[in-house]
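Below: one structure, written as structure tokens.
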């Protein structure tokens, strides 16, 4: 399966998940607004996700998948599945008591990550209660990630990519039918988070049975392979932890600002995460097992081709997406979220944050691609060292910029740190693949030119559109998206950045 086809599979399903996520966010904005209840829920939602990205999609996946793919490539399916059973047993032995401990320690945790809540009994008490409801999600999603890694290694990408859709549908159901059940609508949402984890795990188990990849239950044993997994995970845990520290720092700083600041950051983050997830996660998910196999087979030429395709694919989608989010930030926020408890001030505040976040989008895509290259080589140390530098920079600029720019300064610091990390990763990658950019330099410049043409077109047509009623907003925003996309695609064709026969080749090619 070609990288493009695999990434398209993951990306399209991730896109569907994000669309469901937008429906969920629109309902949350209307019901929760951007006040203290919303702030408390978003903190409770981030808590298990922070640790999940360390233990599940983060450190565990980037360490487990290359090893699992290597065993499958060199020793066969049976040996690889035996390794998966060993990993599952140790995962359960560690995460079960950890989850219980974190639930008991929730009052202390909320005090540490959001000290600004301590002077607000409503946000503090809700944060503790809702955090206890959401935290079991980490255990469930770690098992989901384990099965996702196994299925992805056998080129079964769809099942894992579909799983997040169940998360969004479960929360939508809670918002539509169960908001009156608990003390606040946030209570129903917090319980729904954990229920969605159960549903996603059952989905993955069903797919594993379908493809005869069900992992056997085993007693935890620290075998030589598990010890190697932990050695790889050590730096990866630190690296993933560093990324999550950035998120906690954002919450820490925002907790001292006006009520609603955490919510502004959340809604802006959700929007720029759409292209980041569709492009970055799709490329990384598809690329890791493929690149791992090529490295194990010592296919340097194939690895180089795969990397160049990933970089080009990422930039062609990320650069115009970032530009469009910056140009249309206010229109997007007003169209999607401005209703019910979410007013015009909240829309404009969130739009200003989105502007800063959007600038970091191409950088995060490059970070994903180049980090995956190191992870496929079982080098988890290099990306970690550079991620630590990024965290230090993010923290420093966050503290500096929060004074003149408040919550927008937090997003600006994230963008600065992302670009620094991307540049450092590219410099480090040149030691392994000196000619990695090759013809990509010209194509990157052409992509920027096509994006500039798109931005000119958007600025030109915006004065002729109307954004008063909901229907006008939807129609006008749709016109701008279609017009901008058409101009950009035409620019790519005219500059020969990518041609139609190349797209057909990607779709037809069975291997890279």
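The values are calculated or read from the model by the stated rules, or taken from the named source; none is laboratory data. Keep in mind that what you see is a predicted model, and the values were worked out from it rather than measured. Note that we place each Cβ from the backbone using ideal geometry, even for glycine, and neighbour counts take in every protein chain shown.
With respect to the conditions (1) over 20 Å from residue 249 (Cα atoms); (2) touching a residue at least 60 places away in the same chain (Cβ under 8 Å), residue 384 lacks only one, and its number is (1).
Is it the case, given these coordinates, that residue 57 is out of contact with any strand residue (DSSP E or B) (no Cβ under 8 Å at 6 or more places or on another chain), over 24 Å from residue 139 (Cα atoms) and modelled with pLDDT under 85? Answer is no for this residue.
Every residue, every condition in (1) free of Cβ contacts under 8 Å to residues at least 24 places away in the same chain; (2) surrounded by fewer than 21 Cβ atoms within 10 Å (Cβ to Cβ), yes or no:
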{"residue": "255", "(1), (2)": "no, no"}
{"residue": "267", "(1), (2)": "no, no"}
{"residue": "291", "(1), (2)": "no, no"}
{"residue": "298", "(1), (2)": "yes, yes"}
{"residue": "307", "(1), (2)": "no, no"}
{"residue": "310", "(1), (2)": "no, no"}
{"residue": "313", "(1), (2)": "no, no"}
{"residue": "330", "(1), (2)": "yes, yes"}
{"residue": "347", "(1), (2)": "yes, no"}
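Do the conditions hold for residue 471, that is, is it free of Cβ contacts under 8 Å to residues at least 40 places away in the same chain, within 24 Å of the chain's Cα centre (by Cα) and more than 19 Å from residue 492 (Cα to Cα)? Considered against the rule, which asks whether it is free of Cβ contacts under 8 Å to residues at least 40 places away in the same chain, within 24 Å of the chain's Cα centre (by Cα) and more than 19 Å from residue 492 (Cα to Cα), residue 471 comes out as no. Test residue 396 against the criterion of being touching a residue at least 24 places away in the same chain (Cβ under 8 Å) and touching a helix residue (DSSP H, G or I) at 6+ places or on another chain (Cβ under 9 Å), and give yes or no. Criteria not met by residue 396. Reported count of residues in the range 154-164, each being crowded, with 20+ Cβ neighbours inside 10 Å and either in a loop (DSSP other than H, G, I, E, B) or under 15 Å from the mean Cα position of the chain (by Cα) (or both), is 5. When we screen 141, 81 for residues that are part of a helix (DSSP H, G or I) and either more than 24 Å from residue 195 (Cα to Cα) or free of Cβ contacts under 8 Å to residues at least 12 places away in the same chain (or both), the only hit is 81.
Taking the listed residues 428, 411, 422, the one that is in the same structural domain as residue 351 (by TED's automatic domain parsing), in contact (Cβ under 8 Å) with a residue 12 or more places away in the chain, farther than 15 Å from residue 356 by Cα and buried (at least 18 other Cβ atoms within 10 Å of the Cβ) is 422, with no other qualifying.
The range 274-370 holds helices (runs of 4 or more DSSP H) entirely within its bounds, and those carrying 3 or more residues that are over 30 Å from residue 30 (Cβ atoms) map to 282-296, 300-327. Of the residues in the range 458-474, none is under 30 Å from residue 305 (Cα atoms) and not assigned by TED's automatic domain parsing to the domain that holds residue 333.
Residues that are outside any loop (DSSP other than H, G, I, E, B), in contact with a helix residue (DSSP H, G or I) (Cβ under 9 Å, 6 or more places away or on another chain) and at pLDDT below 90 within the range 423-443 comprise 429, 440, 443, listed in sequence order.
Report yes if residue 235 is at pLDDT below 75, surrounded by fewer than 22 Cβ atoms within 10 Å (Cβ to Cβ), touching a helix residue (DSSP H, G or I) at 6+ places or on another chain (Cβ under 7 Å) and not in a loop (DSSP other than H, G, I, E, B), otherwise no. Here the answer is yes, as residue 235 does meet what is asked. In a residue-by-residue description of the range 169-180, the property of being assigned by TED's automatic domain parsing to the domain that holds residue 106, in contact (Cβ under 8 Å) with a residue 40 or more places away in the chain, surrounded by fewer than 19 Cβ atoms within 10 Å (Cβ to Cβ) and more than 23 Å from the chain's Cα centre (by Cα) applies to at least one position.
For residue 138, state whether it is under 19 Å from the mean Cα position of the chain (by Cα) and either within 30 Å of residue 81 (Cα to Cα) or in the same structural domain as residue 250 (by TED's automatic domain parsing) (or both). Answer is yes for this residue.
Residues in the range 444-471 that are in contact with a helix residue (DSSP H, G or I) (Cβ under 8 Å, 6 or more places away or on another chain) and in a loop (DSSP other than H, G, I, E, B): 465, 466, 467.
Only one entry in 500, 492 is modelled with pLDDT under 75, closer than 22 Å to residue 308 by Cβ and in contact with a helix residue (DSSP H, G or I) (Cβ under 9 Å, 6 or more places away or on another chain), namely 500.
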